1. Where both residues lie in chain B, what percent of DSSP beta bridges are antiparallel, nearest 5?
2. I'd like to know how segment A:49-99 sits against the 2.2 N^0.38 Å rule of thumb: what's its Cα Rg over that expected value?
3. Given the alpha-carbon gyration tensor of segment B:9-122, what are the semi-axes of its equivalent ellipsoid in whole angstrom, ordered largest first, with each equal to the square root of 5 times an eigenvalue?
4. Could you put A:HIS116, B:HIS280 in order of accessible surface area, largest first, with the 1.4 Å probe and the full protein assembly present?
5. What 222 nm value per residue comes from the helices of chain A, counting each DSSP H run with n ≥ 4 as -39,500 (n - 2.57) and dividing by all residues, nearest 500 deg cm²/dmol?
6. Looking at segment A:360-452, send over the antiparallel percent of its DSSP beta bridges, to the nearest 5.
7. Can you tell me the mean projection area, over all orientations, of the convex hull of segment B:415-456's alpha carbons? Units nm², please.
8. Using only the Cα atoms of segment A:251-342, build the gyration tensor, take square roots of its eigenvalues as a ≥ b ≥ c, and label the shape rounded, prolate or oblate: rounded if a/c is under 1.5, else prolate if a/b is larger than b/c, else oblate.
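The values are calculated or read from the model by the stated rules, or taken from the named source; none is laboratory data. Note that the coordinates shown come from a computational prediction; the quantities given were computed from them, not determined experimentally. For neighbour counting, all protein chains shown are included, and Cβ atoms are generated from backbone atoms with ideal geometry for every residue, glycine included. Ligands, DNA and RNA are excluded from the accessible area calculation, which covers all protein heavy atoms including side chains. Shrake-Rupley method; radii C 1.70, N 1.55, O 1.52, S 1.80 Å.
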2 protein chains.
Amino acid sequence: MKANLPQGTRDFGPEIVKKRQYIFNTIRTVFELYGFQPLETPAFENMETLMGKYGDEGDKLIFKILNNGLERVEKHEQAKTDFEKILEGKNSKGITERALKYDLTIPFARYVAMNHGQINYPFKRYQIQPVWRADKPQRGRYREFTQCDADVVGSQSLFNEVELLNIYKEVFQRLEVKVEVCINNRKILAALAEMCGGIEKLTSITIAIDKLDKIGIDKVIDELRLRGNEEPSIELIKTYLQLAQQNNDNAKTLDALKSLFKNSEIGLEGISELEYLVNHVDDIKIDVTLARGLNYYTGSIVEVKPVDVQMGSIGGGGRYDDLTGLFDVPGIPGVGISFGVDRIYDVMDELNLFPETLQNSVAMMLVNFGTAFEKKNLEILQYLRSNNISCELYPDVIKFDKQLKYANKRKVGFIAMVGEDELRDGLVSVKNFTSGEQQKLKMEEIIGFMSISKNL
Amino acid sequence: MKANLPQGTRDFGPEIVKKRQYIFNTIRTVFELYGFQPLETPAFENMETLMGKYGDEGDKLIFKILNNGLERVEKHEQAKTDFEKILEGKNSKGITERALKYDLTIPFARYVAMNHGQINYPFKRYQIQPVWRADKPQRGRYREFTQCDADVVGSQSLFNEVELLNIYKEVFQRLEVKVEVCINNRKILAALAEMCGGIEKLTSITIAIDKLDKIGIDKVIDELRLRGNEEPSIELIKTYLQLAQQNNDNAKTLDALKSLFKNSEIGLEGISELEYLVNHVDDIKIDVTLARGLNYYTGSIVEVKPVDVQMGSIGGGGRYDDLTGLFDVPGIPGVGISFGVDRIYDVMDELNLFPETLQNSVAMMLVNFGTAFEKKNLEILQYLRSNNISCELYPDVIKFDKQLKYANKRKVGFIAMVGEDELRDGLVSVKNFTSGEQQKLKMEEIIGFMSISKNL
């Protein structure tokens with residue numbers, strides 16, 4: 001049987017795992033430095049937990065798990081009836097009780113609802129786990145990918161936004177990825193919708209604005225006309241969007257917004273929230289065209305873009321009013337951010353930002369000259385490992401040049417050799433595998449040589 | 001809708017994730033110190049990759065994923081026919097093309113077969129990932145659990161066994177779990193089967209011996225009689241098993257084995273392999289009753305048991321001849337070990353072996369006395385974080401005692417307070433939240449105070 005991989009999935013070999021781990025560890029370290037706590041939920045949830053939460057299109061992309069034991073004869077009649085429902089596009093617990101998680105937010109909401117009584121609010125959790133979507137695979141879009149979220153729930157304080165924005169800045173600074181952190185506020189968009197005829201206009205306005213980057217202001221205006229917005233509304237939205245094209249600093253943008261929304265209570269509330277954030281966090285930019293497609297955001301929204309690479313957002317998030325209402329626990333507001341790890345990986349790979357040290361799979365390889373030297377080699381291995389230096393003995397006794405070829409492919413930093421001369425003299429020959437520098441050393445001198453030789 | 005969790009699955013809240021991460025990180029660190037490289041494979045594989053690899057019982061426990069798009073009308077007739085196959089207990093790609101992985105070994109074999117030409121052998125990989133089984137949930141048995149494997153493939157050298165045994169010893173030493181590492185060799189069991197009438201007896205003998213711990217030697221003998229073994233064979237097996245009850249040291253066991261198997265070439269080979277291992281690794285014990293149920297082992301086998309807790313094995317592994325033959329790439333032998341993380345967790349929890357520091361969710365909490373102090377608090381937070389001290393400001397301005405209650409539940413190490421006096425004097429009040437010790441300090445003095453106060 002020929003081995004192959006399901007469409008839209010990936011194996012991560014050693015080099016890629018290390019690079020990904022470097023990103024995850026950086027994010028995790030910063031999350032914990034800011035007092036966020038890890039949470040992990042299962043890969044699958046009960047169907048009813050997930051279905052209906054992501055819209056009709058989302059529902060279709062959920063991977064459902066077939067119930068086990070359908071082959072039992074007594075279940076056949078019922079199973080056939082139940083299967084009809086699946087063919088009708090409905091759910092049927094008789095066929096599938098469980099489904100793979102589609103994002104981390106709904107399982108988090110389910111967790112909070114289930115543990116509401118025990119949770120110490122405000123609850124600051126982070127979660128780094130894979131999710132699955134039956135999307136058509138294409139470049140940069142996978143059926144299994146890792147999400148990386150941090151949320152604070154049970155607190156309305158804008159200070160949480162300050163912390164989350166600082167997390168973005170600190171993570172990307174540590175990764176050495178230059179980014180632009182843009183913020184906006186859904187309350188301002190809500191005000192715009194109200195002034196255009198009512199809050200029910202919010203979705204269509206949001207969708208149109210979301211396309212600004214791709215299709216330009218004129219086509220956005222065309223689309224708004226098509227969607228039945230009238231001329232005064234169109235003019236208002238145009239004036240609003242043009243604010244973005246004036247290249248204003250935050251202070252000027254805030255002034256312009258205050259004048260535009262001077263009669264809207266909710267608009268002014270959004271503006272004052274923006275003002276608070278730019279007063280408390282350096283180097284963030286108000287972008288009035290930022291909309292964030294998802295509907296559940298109700299306050300601050302944020303998006304992060306890389307500066308040196310042409311690419312969409314590599315992070316985003318926002319504030320929401322009600323996390324767990326769907327699970328019968330109303331009144332828990334929150335704010336969260338997410339990192340797009342696959343895209344961050346691509347940016348860092350393109351700009352060569354991964355530390356070189358990640359490539360060394362093992363610091364030192366001992367050449368195997370035969371069983372007579374094995375005990376001495378074991379002693380060296382244990383000595384190096386007790387000093388936290390990764391190392392290995394080539395396990396088989398094969399030709400020297402074949403062992404070197406292996407070491408070369410493995411990108412080892414150093415090789416060590418114990419042959420008859422060395423065994424007799426109580427020494428080890430150690431060679432910097434990059435520079436070629438070689439010395440005969442006492443075992444205790446190896447580590448010193450490695451650190452000096454590396455820095456040359 | 002009431003929130004709930006699928007049967008047999010678990011949420012891991014902050015404290016549990018940290019304890020689990022402590023185990024994973026310890027294992028990962030040791031794997032890498034020994035030159036093992038990380039690999040990650042997707043959660044699901046194509047059906048044909050998994051089916052038929054785990055026996056009939058195993059196949060039934062594989063979670064299959066329902067294909068998406070079955071609701072499309074043009075697929076209905078075919079889908080109904082295909083579903084009949086599912087009801088007959090067969091596979092049908094029309095209904096389910098993919099399934100969740102059942103272990104890490106088969107996906108690893110699939111990876112090796114797919115990348116055979118590019119892999120630098122011997123290939124030392126480790127893999128720490130969840131797997132899924134539709135087992136009936138019961139205490140200590142879950143439908144999602146994490147496996148933790150290390151394998152060397154493409155090398156026949158027994159030195160690989162030496163390294164893997166040392167990994168076991170080092171991991172458990174670092175975790176401070178006292179263990180007994182037992183070894184045996186399948187070649188000896190094969191010799192026993194041959195002497196009992198033929199190699200085809202191996203499975204029944206293995207199964208019987210595997211039960212020794214549970215049912216005792218007499219019942220094992222009864223079972224062997226029932227399985228049709230004749231008296232001379234029974235006597236031989238009895239003699240063999242009694243070796244285990246004599247409490248011999250390794251040298252005596254080896255002598256006894258050599259005499260028992262003096263006429264069996266394969267037996268003597270197994271014995272000499274055992275001898276090599278006890279000569280190269282300290283503190284391992286030959287246990288002739290160790291069999292390891294799985295059929296694919298062909299040489300060394302190993303099992304690790306905790307000493308201070310009554311529990312089954314917390315680790316096991318062995319040597320196999322052919323990893324990838326099923327995927328059309330024959331001739332790749334290997335040896336591997338596995339850690340039973342859930343059981344290790346239980347042992348460590350029972351014996352209180354997790355470091356106390358894991359419980360501190362955040363080192364320092366700043367009390368929030370109002371927006372007037374926010375900028376000063378931000379300055380302190382950034383200062384502490386730049387010194388790698390995790391900290392947070394309570395985000396909402398609420399009563400002092402409510403903030404303390406939160407800090408208490410969170411098990412913070414220290415709290416810091418900036419009120420009007422402190423702001424005027426340029427100081428911070430810092431309190432050791434355990435001892436109650438409190439001082440007014442300059443910001444730069446906080447870290448010194450924290451490290452001294454902690455050690456008192």
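1. Working: 47 of 59 bridges.
Within chain B, antiparallel bridges account for around 80 percent of the total.
2. On the way: Rg = 11.8 Å, N = 51, 2.2 N^0.38 = 9.8 Å.
For segment A:49-99, the normalised Cα radius of gyration is 1.20.
3. Values: eigenvalues 245, 81, 35 Å².
After diagonalising the Cα gyration tensor, the semi-axes are 35, 20, 13 Å.
4. Numbers: A:HIS116 75, B:HIS280 35 Å².
Greatest to least solvent exposure: A:HIS116, B:HIS280.
5. On the way: 17 runs with 194 residues, N = 456.
The helix-only estimate for chain A comes to -13000 deg cm²/dmol at 222 nm.
6. Working: 8 of 15 bridges.
Among the beta bridges of segment A:360-452, antiparallel pairing accounts for roughly 55 percent.
7. Values: hull surface 10.5 nm².
Taking a quarter of the hull surface, the average projection is 2.6 nm².
8. Details: a/c = 2.13, a/b = 1.06, b/c = 2.01.
Here segment A:251-342 falls in the oblate category.
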